Amino acid sequence: MARQDVCCLTRVVHLVYAEWEEEQKQENKKMRTTILIPLAIALLVSAPPSIADDDENALKDAGFERGLPLEQGGWELLGASFLVPDQARSGEMSLFLGALGFDGSVAIQSLPARPGSQWRLTGYGLIPESLEGAGFPPLPVAIIQLTFFDADGNDLGTLETAGNEFPALTSEFIVEGSPTNEWIFLDTGIGTAPRGAATISVFALFIGSGDPTNFQFAFFDDLNLCAIEEIDDGEIECEEFDDDDDDDDDDDDGDDDDDDDD
């Protein structure tokens, strides 16, 4: 299903481009593209709120250190997407996403979700060099986002984005003019699973500028997906998750060896 999720990214690019092209024909220089977020220019100048502890993070390999395979719940990497040691906010590894033209690269992770559950995705992005647009704002762009899917793989979006042409709940945009060589805090805010939701999918995305000669890229690190248990006086409490499957497997193997020795 994750590969089907990527079609959402492609659909966004083509639909937004078609709208922009039509407006250019009409010589209307005011973009009305719905993908633009009014706060995109205000890119995180304030200090970020606290992030959940590791055991309250629903994501596996959220810091991209372990390189877990997909069958163990790790990230699905599509396009020019790699785990690299070039930049890291913590640990030794981070996620690299890059693109040419209108291509996109993406890292995806999905897990079960029930209708009515609330989630919040946070993380950090970094661009070592200033992004260069190709006359088509807000591209290139680096974001994180979350959305919900039903059992048939249909994109339901979130309750908060219901009725939007692009239903995913996105973070602030890293775009041309964003700070370079510093980790920018990204936050989708709280997303609620709509009726029929079966899974939540988390994306780290990079979409190119449209220039087929200019390869651009961004790094991501320390993503955190909070499954909200309750909100008390503005403080978010997250559910705890057990990510000790590998350790349990090792323990089981050791017990089997002991039994054989006996």
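Per-structure values
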| quantity | calculated |
| --- | --- |
| Surrounding net charge for residue 228, when Lys and Arg each add one and Asp and Glu each subtract one, Cβ distance under 9 Å | -3 |
| Cα gyration tensor, the stretch 59-195 - rounded (a/c under 1.5), prolate or oblate | oblate |
| Packing-based order for 221-234, 98-111, using average beta carbon neighbours within 10 Å, highest first | 98-111, 221-234 |
| For peptides 140-146, 115-121, sequence by mean Cβ density within 10 Å, most packed first | 140-146, 115-121 |
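Every read-out reported here was derived from the displayed coordinates using simple, explicitly stated rules and does not represent laboratory data. Treat the numbers as computed from the prediction; the structure is a model and nothing was measured. Heads up, the Cβs are rebuilt from the backbone with ideal geometry, glycines too, and the neighbour counts pull from every protein chain shown.
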